[in-house]
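The values are calculated or read from the model by the stated rules, or taken from the named source; none is laboratory data. Since we're looking at a predicted model, the values are computed, not measured. All Cβ positions, glycine included, derive from the backbone under ideal geometry; neighbour counts span all protein chains shown. Ligands, DNA and RNA are excluded from the accessible area calculation, which covers all protein heavy atoms including side chains. Shrake-Rupley method; radii C 1.70, N 1.55, O 1.52, S 1.80 Å.
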Amino acid sequence: MFVNKIILDGFRNYSEFSVDFSDKVNVIIGNNAQGKTNLIEAIYYLTSGRSFRAKNDRELIGFDKDSAYIRANIFSGEREQKLETRIDRVKRRLFTANDVKLRTAAELSGKLRAVLFCPDDLNLIREGAAVRRRLMDACLCQLRPRYAQSLTEFNKLLDHKTRILRDYHQKPSLLYALDDFDHHLALMSAELIHYRAAYAALLSERASRIHREFSGGAETLTIKYCTVKTITDTGRPPSELLPQILEHQREHRRAELETGSCLTGAHKDDLDIEIDGRAARSFASQGQARTAALSVKLAERQIHYDDRGEYPLLLLDDVLSELDDRRQNFVLNHINDGQVFITCCEDARIASRTGGKVHRIDGGKLQ
Ligand code: ATP
Ligand code: MG
C-alpha cells in the first residue's frame, strides 16, 4: 500500500500543491513552520477522517479559504485508487473513493492505513491514559470499520451524558433521559471494550517480542488492558460484557450526580505497561520508557501487517531527530518494507542515512 501523489488546495498553508512520492522512503525537509507536519496530517486525515492534532476540522482550512481539499492517488488492494475529501466552513465535509461518495468517514476504514509516530509518542509510557487510548483508537479505527462507527457514537453519547450531569441542577427534567443515555453508552462501551481487549493482547505479544530484541533479551515488556472494574473477563462477547458495565453504572450513579462527571465507561480505559513486572509509568528510566514506546509503535505497525498482509504507511514526524544513534538504527532497521515518510529540519545526516527521496518544503511549496 502506498501513496503515489498528493494534491492539496486550501489545506492549512498549502494551495494548488502537488507532490509525487517514492513508494519507499520519503524525507520531507524544511525549516520550522513551513508545512512538514501539515503534509503528514493531510495524508493521515485520509486514513480515518480524523486529524491527529486539530480539535475540529475547520482548523484544517487555510486561513483565508472557504474549504480545504485533499486528494491522494494511492495503490491499495492491488489497484490504483483515488481518495478525496473536501472540508467546508459551512457545508458537511465530503469524502469520495474512486469518485463514489462515502456516507461516513468510517467507510474510509482500510482503504489507506498509516501508523503515525511523533515525539509525543515517546511519552506514551509516562503520560496519562488518554495517549494510550488514542493508540488503541488510531489502530482499531483503521482496521475495524465497526469500531470506528462505535467510537463516533460513543463520543456523541458521552458528550450528551456529560452535559446532562453538568446541567441538571438548572434543568432537572434532563434527568429523564439519563437512563436511556446510560444504556446506549454501556452498549457502545461493550463494543469498544471487546475490540480493545483483543487489540491489547496482540500489542502485548508483538511489543514484548520487539522489546526483547531491542534490549538484547535483558528486559520483559508486558501490556495489560484495564477497563471497567466489574468486568471479570474482557475476552467475552459484548452481550456478556453489557450486564457487568450496567452494574458498574448503577454503583456509580450517585457519585456521577454528585461530581457532575461521567465515571463509568470505555473513556476511562488504559493500558498498564510493565517492564520486568514493574509499572513502567512509575519506575522506567527515561531511556527505558523511550525504548518501550518505540517497541509499542513498531508493534502497532506489525499488527497492521499481520491483519492485512501489507505494511501501512509509516509517518515519522520529527521523531528520528529526537533519538540517539542506537535507537535511530533500531527504527531504521525495522522499516525496510512499506512506504515511509520522515520529516526533519535541515538534517542532511538523517536524509542520507535513510537513502530516501528528498522533498524540500518552504512556505507550503515544494522547492
Ligand atoms: P516544525 O519543524 O516546527 O514542526 P512544520 O514544518 O512541521 O514545522 P507545520 O506544523 O506543518 O510546520 O506548519 C505550520 C505552519 O502552518 C505555521 O506557520 C502555521 O501558521 C501554518 N498553518 C497552520 N494552520 C493553518 C491554516 N489553517 N491555514 C494556513 N496556515 C496554517
Ligand atoms: Mg512539524
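Taking the conditions (1) modelled with pLDDT of 95 or more; (2) within 15 Å of ligand 1 (Cβ to nearest atom); (3) open to solvent by 40 Å² or more (accessible area, probe 1.4 Å); (4) over 28 Å from Leu332 (Cα atoms) in turn, Lys82 satisfies each one other than (2).
Out of curiosity, is Thr47 in a helix (DSSP H, G or I), polar (S, T, N, Q) and modelled with pLDDT of 95 or more? Taking the combined requirement at face value, the residue does not satisfy it.
Checking the condition open to solvent by less than 10 Å² (accessible area, probe 1.4 Å), at pLDDT 95 or above and aliphatic (A, V, I, L, M), which residue from Ile350, Ile361 passes? So that I can check it myself, show each step before the final result.
On the way: Ile350 fails: at pLDDT 95 or above.
The match here is Ile361.
Scanning region 223-260 for residues that are out of contact with any helix residue (DSSP H, G or I) (no Cβ under 6 Å at 6 or more places or on another chain), of a type in the set (Val, Ile, Thr) and closer than 23 Å to Asp272 by Cβ turns up just one, Thr232. Only a single item in (1) closer than 21 Å to Cys139 by Cβ; (2) touching a Ser or Thr at 6+ places or on another chain (Cβ under 7 Å) is not met by Ala42, and it is number (2).
Evaluating Tyr44 against the criteria (1) more than 18 Å from Lys82 (Cβ to Cβ); (2) in contact with a strand residue (DSSP E or B) (Cβ under 8 Å, 6 or more places away or on another chain); (3) within 16 Å of ligand 2 (Cβ to nearest atom); (4) among the hydroxyl-bearing types (Ser, Thr, Tyr) leaves one unmet condition, (1).
Within 16 Å of ligand 1 (Cβ to nearest atom) and within 22 Å of Arg146 (Cβ to Cβ): does that describe Tyr69? Against the criterion (within 16 Å of ligand 1 (Cβ to nearest atom) and within 22 Å of Arg146 (Cβ to Cβ)), Tyr69 does not qualify.
Scanning region 183-214 for residues that are surrounded by fewer than 17 Cβ atoms within 10 Å (Cβ to Cβ) and of a type outside the set (Asp, Glu) returns His183, His184, Ala198, Ala201, Arg209, Arg212.
Checked against the criterion of being of a type in the set (Ser, Thr, Tyr), within 16 Å of ligand 1 (Cβ to nearest atom) and either closer than 30 Å to Tyr176 by Cβ or open to solvent by less than 20 Å² (accessible area, probe 1.4 Å) (or both), the candidates Thr264, Thr343, Thr291, Thr259 yield just one match: Thr343.
Once region 50-78 is narrowed to residues that are part of a helix (DSSP H, G or I) and open to solvent by 40 Å² or more (accessible area, probe 1.4 Å), the residue that is farthest from Cys118 (Cα to Cα) is Arg58.
The set of residues from region 85-113 being exposed (fewer than 11 other Cβ atoms within 10 Å of the Cβ) and not in a strand (DSSP E or B) comprises Val90, Lys91, Arg92, Asp99, Arg103.
Being farther than 19 Å from Thr37 by Cβ and touching a residue at least 40 places away in the same chain (Cβ under 8 Å) narrows it down to one residue among Phe341, Phe330; which is it? None of the others qualify; the one that does is Phe330.
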